[in-house]
Amino acid sequence: MGHSSTDAIEARPHGQLVSRIVLDPPDLDAWRERLFNVDDTIILTNEQFETYFPHIDNVYSHRSTQRYKRKPFISHYWDCRMKGRPPGTPKSDDPAKKKRKRNARERDLCDVKIKITEYFPGATIQSDHDEQHTFVADGLAGGQPGMDGEKFWTIQRVNGNGGNGKGDGVAGPHKHSLDKSDQIKKSTVQRYLTTQEKEARKAQKPFQRRPSGQAVQTIKKHNKEHDLKLYAACFCPFSQRVWIALEAKGMAYQYCETDPYRKPTQLLEANPRGLVPAIREGDWASGESSVILEYLEDRHSGVPLLPTDARLKANCRLWIDHINVKIVPGFYALARAYDSTKQFERTERLQAEITALVQAADERGPYFLGTDMCLVDIHFAPFAIRLSRLFRDRTMWLDPMPGTRWHQWANALEHNPHVQATLSNNELYTETFDLYTMPGPQHSDQLLDL
Ligand SMILES: N[C@@H](CCC(=O)N[C@@H](CS)C(=O)NCC(=O)O)C(=O)O
């Protein structure tokens, strides 16, 4: 309906008339020439306009849009871009304003102005000029535009720079070639292609997330061949869980930095899901951080990370479940909160889940069970240390208030020597933020609306 189309236009950004891109339509050169010259009024079906205008819009720049009360059409006025900066828009003297790379050009090089009229279904053409209409649009030839109930467009010259030399009252041509316009600015379609190419190059760029800081020292200590192998990625919080536990238990192991996005064979053999962390011990292997942590507890001596008392142990498992089912998805949901309302809601929700965990912890602390770190702390630590690093500057996240039990715990986790041994420099975490916003095992959209 005409009305809803008009509404749609309100939502378009400045000057944008078309919302789709047709990369290589037929007769493109001829169409570009025609829409560059605009000798006579050109009438286009909606499809033709949407197809061809984005290929030529670099020639013009949007000046204004005129809406009319109770009339089913809108006029858009565009000037030739070679006109230069219009008077009355002084150059910004704001030193903070990002400088745009502009091709320096003289002013007033061209004076061509066009009017694009967007007719909504049911409208008939307005003869506010006495000019001949050239019915270019196929299917409109001889017919009355608008009578078939389809949206259509006209493009016409509204002035010129002194006549076209024919003495017929039609405004003069551009004072430059179409090539010149193309050198000055790219069309919407070309800009779209450039962006696509950039994105494709980005996607092909090998994934490079290197460990740094203390993590490098720890990796050096554990780079020798060993029966117990940890396949881990330095940026991955789940890998960090297992790594902290191996360090805390004081075990011998081989650390294998592994890019889970490249799915190397050793990883797939150890964990057919292709995710890090995975461990291998002889001919046995497993994925899933929580499962691996339990395995290490059951099979290996060293510093115990779960209490022996059955009820205390069950209580630890209950809160590990809380971390996995509430806190981790809440963390990913916050990473994917793009507007402030969602950020606010998700910050509150995540904070509430953390508060529940803190309230379940030993009162004196500093860890969950008191003086020693246990598997609850280890499940939580990689996320706790990322909260501030990832969210403080990006969302409404507030760091723990000094003096609170939460602050005491967060501080203890941050400074625990085994956690420290697995930490890279902050840049690793901030620069890999986008990974938390990608679709993946922990961040399906269902989880966002918990
Ligand atoms: N539930 C798993 C989650 C592991 C996970 O999500 N790992 C991510 C890296 S942080 C991964 O390997 N992603 C690779 C992929 O999605 O292809 C666990 O606890 O181990």
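Only Lys, Arg, Asp and Glu count, each charged at its Cβ (+1, +1, -1, -1), so figure out the dipole size of segment 214-448 about its Cα centre, rounded to 20 debye.
Numbers: 25 positive and 29 negative charges, 20 e Å.
So the dipole magnitude of segment 214-448 works out to roughly 100 debye.
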- Query: Lysine pairs, Cα distance under 17 Å, 8 or more residues apart or cross-chain: how many in segment 214-448?
  - Reply: 6
- Message: Check which residues have an amide H placed less than 5 Å from Tyr60's amide H, if you skip close sequence neighbours.
- Response: Arg81
- Table column - 3J(HN,Hα) (Hz), segment 230-244, Karplus curve with 6.51, -1.76, 1.60, x for Gly and Pro: 10, 8, 9, 10, 4, 8, 8, x, 6, 4, 4, 3, 5, 5, 4
- Task: Using amide H atoms built 1.01 Å from N in the peptide plane, name the residues 5+ places from His174, or on other chains, whose amide H lies under 5 Å from its own.
- Result: none
- Message: Rounded, prolate or oblate for segment 173-298? Axes are the square roots of the Cα gyration tensor eigenvalues, ordered a ≥ b ≥ c, and the cut-off for rounded is a/c under 1.5.
- Response: prolate
- Total charge of the residues flanking Ala356 in space, meaning their Cβ is under 14 Å from its Cβ, with Lys and Arg +1 and Asp and Glu -1, is 0
- segment 214-448 - Debye-derived log10 I(q)/I(0), Cα point model, q = 0.08, 0.13, 0.15 Å⁻¹: -0.28, -0.77, -1.05
- Quick one: net charge of Val22's neighbours, Cβ under 15 Å, K/R +1, D/E -1? -3
- Item | Amide H partners (placed H, <5 Å) of Thr41, local residues excluded | Thr134
- Sorted peptide list for 49-61, 25-37, criterion being average Cβ within 10 angstrom, highest first: 49-61, 25-37
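Just the number, please: percent antiparallel of the DSSP beta bridges in segment 214-448, rounded to the nearest 5. Before the final figure, lay out each step's value.
Working: 8 of 12 bridges.
So the antiparallel bridges amount to about 65 percent of the total.
Could you tally the net charge around Leu228, taking each other residue with its Cβ under 12 Å from the Cβ of Leu228, Lys/Arg +1 and Asp/Glu -1? Could the numbers behind the result be given before it?
Details: positive: Lys224, Lys229, Lys249, Arg280, Arg299; negative: Glu225, Asp227, Glu281.
Charge balance in the 12 Å sphere: +2.
Starting with the highest mean, order 318-329, 354-365 by the number of other Cβ atoms within 10 Å, averaged over the residues of each peptide. All intermediate terms of the calculation are to be shown ahead of the outcome.
Working: 318-329: 18.1, 354-365: 14.9.
Result, highest mean first: 318-329, 354-365.
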- Note on the structure: Here, chymotrypsin sites (Phe, Trp or Tyr not before Pro) of segment 199-289 satisfying both criteria (DSSP loop; at most 10 other Cβ within 10 Å) are none
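Give the residue list of trypsin sites (Lys or Arg not before Pro) in segment 220-309 that are DSSP loop and have at most 10 other beta-carbon atoms within 10 angstrom.
Details: sites: Lys220, Lys221, Lys224, Lys229, Arg241, Lys249, Arg262, Arg273, Arg280, Arg299; in loops: Lys224, Arg262, Arg273.
Answer by residue number: Lys224, Arg262.
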- Item | HN-Hα J in Hz across segment 246-255 - Karplus 6.51, -1.76, 1.60, θ = phi - 60°, x for Gly and Pro | 4, 5, 5, 7, x, 8, 8, 7, 10, 8
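Averaging sequence separations of C-alpha pairs under 8 Å and six or more residues apart, then dividing by the length of segment 327-390, give the relative contact order as a whole percent. It would help to have the intermediate numbers written out before the result.
On the way: 35 pairs, mean separation 13.6, N = 64.
Reported as a whole number, the value is 21 percent.
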- Message: Under the rule a/c < 1.5 gives rounded, and otherwise a/b versus b/c splits prolate from oblate, where does segment 277-387 land using the Cα gyration tensor?
- Response: oblate
- Return the sequence-ordered ³J(HN,Hα) values of segment 50-62 in whole Hz as given by the Karplus equation 6.51 cos²θ - 1.76 cosθ + 1.60 applied to θ = phi - 60°, using x for Gly and Pro. 4, 6, 9, 4, x, 8, 10, 5, 5, 5, 10, 10, 5
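We did not get these values from a lab; they are worked out from the coordinates using the rules stated. The structure presented is a predicted model; accordingly, all values stated were derived computationally and were not measured. Cβ: placed from backbone, ideal geometry, glycine included. Neighbour counts: every protein chain shown.
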